[in-house]
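Structure first, commentary second.
Every number here is computed from the coordinates shown, using simple stated rules; none is lab data. Source: prediction; values computed, not measured. Cβ atoms come from the backbone with ideal geometry, glycine included; neighbour counts cover every protein chain shown.
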Amino acid sequence: MIKLPPDITFVIQLVSFVVLWQLMRVLVFVPMQQALKMRAERTVGARTRAEALVAEAAQVGTSIETGLAEAKKDGAQRAEEIRRRAEADEQAILTRYRGEATTLLGRERTLTESQVSSARAPLESEAARLAESVVQRVLGRAA
């Protein structure tokens, strides 16, 4: 059973416990709490920096995508402008050479017609002479 007033050993154990608890608090608990607090601060700081870097990377990615979209749009516009100019140049060249071809064709037709006319006149007289000759041979007299 419990003796009332406790003897001296109880007091010694109680004092030993308080002294040991104070030594442990000073040597172990306080430094451990400080180390955990510093670790938490570093972790929170690193996490905050990481989140800031992720946000910055997202912003840079968005600006790069925007720049690429603008560059694609600009490139498409330039390509379309180049294509239109090429088509206009093509039409101008075709029109010019069609005109030249039409002029050349007209000159060649005129030349060919004059050559045909020149060649036809002697041939017609020769055909008439040959026809007269054939009629004379077949009929035996002049037609």
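Taking the condition loosely packed, with under 10 Cβ neighbours inside 10 Å, at negative phi and in a helix (DSSP H, G or I), does S63 pass?
no
Check R141, R96, R109, R78 and return the single one that is free of Cβ contacts under 8 Å to residues at least 40 places away in the same chain and in contact with a helix residue (DSSP H, G or I) (Cβ under 9 Å, 6 or more places away or on another chain).
R141
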